[in-house]
1. How do the pairs read when you match residues in the stretch 38-63 that are farther than 19 Å from ILE198 by Cα with residues anywhere that are open to solvent by 70 Å² or more (accessible area, probe 1.4 Å) and assigned to a helix (DSSP H, G or I), using Cβ under 6 Å and keeping only pairs 6 or more apart or on different chains?
2. Would you pick out the residues in the stretch 96-111 that are open to solvent by 10 Å² or more (accessible area, probe 1.4 Å), closer than 18 Å to VAL170 by Cβ and not aliphatic (A, V, I, L, M)?
3. Restricting to the stretch 76-126, name every residue that is in contact (Cβ under 8 Å) with a residue 40 or more places away in the chain and β-branched (Val, Ile, Thr).
4. Just name the residue that is modelled with the highest pLDDT out of those in the stretch 196-232 that are part of a helix (DSSP H, G or I) and of a type in the set (D, E, K, R).
5. Could you tell me whether GLY140 is more than 14 Å from the chain's Cα centre (by Cα), open to solvent by less than 40 Å² (accessible area, probe 1.4 Å) and over 24 Å from SER173 (Cα atoms)?
6. Pull up the stretch 38-74, narrow it to residues that are within 13 Å of the chain's Cα centre (by Cα) and open to solvent by 40 Å² or more (accessible area, probe 1.4 Å), then point me to the one that is modelled with the highest pLDDT.
Amino acid sequence: MLGDKKVKKVGANESCHCGSGQKYKRCCAIANKFDKRHLWYNNANKITTDEDLDCRIAIIYFALLDFIIGRDWRGACHPVAAIFYMILCEQGFNPKLCAGIVRVKSGHFVHSWIELNGSIYDVACAFPCEDTTKIEPIFGGKKLDTLESPKAIYGFLSSLCTENESLQAVLSSTIFDVMAKSYEKLNGECLWSVMIYICSQTKIDFKPISGSDFLKKYSGIRWELRDVIPIP
């Protein structure tokens, strides 16, 4: 019977089933992300309404999400969190720029995310490096696929925190250190230009700010280490 047939899962590096000749991750996987975006957007709106959140948070979140999907910008949690942090700050919010070990069923990885009013906002988690476990984007402490609390443990308490060189490198960096790096997916595009572009996509009014003002405001900002934080 047709209903008993199992659909073969296409691997990220296998040829796409549509016949384009490209790898699945470079082809229909991106289209599928755009399809899911509608679900994510509706669920974020529900969270915003149910918890009486400021709608600007969702607008900024999805401007970032669209940019990541459009550029297939994987493994960029640190610059994404930095950009999200600064845009939220410029809108008068008081976010926390966090880094730590995230534990999932299959293992753990170093990650950056934003906390706002005690809840996790994680845009980049659904677009990890190829060797890292993918999890659903998190908005207001809930998975946007299901509106459930994430099973992943953000800020897993472990000796890994002090032993992990990647994590220590993030914790010793400032926002400006991360923003000064070049990313292959962006074809050398400056991250400050990326942030300005994302701000323009939100259609939110932003007070003009010069580079020297940004330097004064954010040059000393570093990531905060998280170790076993409660998830609503």
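1. That search, which allows pairs on different chains as well, returns THR48/CYS55.
2. Answer for the stretch 96-111, where residues must be open to solvent by 10 Å² or more (accessible area, probe 1.4 Å), closer than 18 Å to VAL170 by Cβ and not aliphatic (A, V, I, L, M): LYS96, ARG103, HIS108, PHE109.
3. Within the stretch 76-126, VAL80, ILE83, ILE87, ILE101, VAL102, VAL104, VAL110, ILE120, VAL123 meet the criteria.
4. By that ranking, first place goes to LYS217.
5. no
6. Of everything passing the filter in the stretch 38-74, ASP66 is modelled with the highest pLDDT.
Here's the yes/no breakdown for (1) surrounded by fewer than 16 Cβ atoms within 10 Å (Cβ to Cβ); (2) on the phi < 0 side of the Ramachandran plot:
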{"residue": "ALA169", "(1), (2)": "yes, yes"}
{"residue": "SER172", "(1), (2)": "yes, yes"}
{"residue": "ASP177", "(1), (2)": "yes, yes"}
{"residue": "LYS181", "(1), (2)": "yes, yes"}
{"residue": "CYS190", "(1), (2)": "yes, yes"}
{"residue": "SER193", "(1), (2)": "yes, yes"}
{"residue": "CYS199", "(1), (2)": "no, yes"}
{"residue": "LYS203", "(1), (2)": "yes, no"}
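The values are calculated or read from the model by the stated rules, or taken from the named source; none is laboratory data. Being a predicted model, the structure only gives us computed values, none of them experimental. Using ideal geometry, Cβ is built from the backbone for each residue, glycine included, and neighbour counts are taken over all protein chains shown. Surface areas here come from the heavy atoms of the whole protein model, side chains and all, with no ligands, DNA or RNA. Shrake-Rupley method; radii C 1.70, N 1.55, O 1.52, S 1.80 Å.
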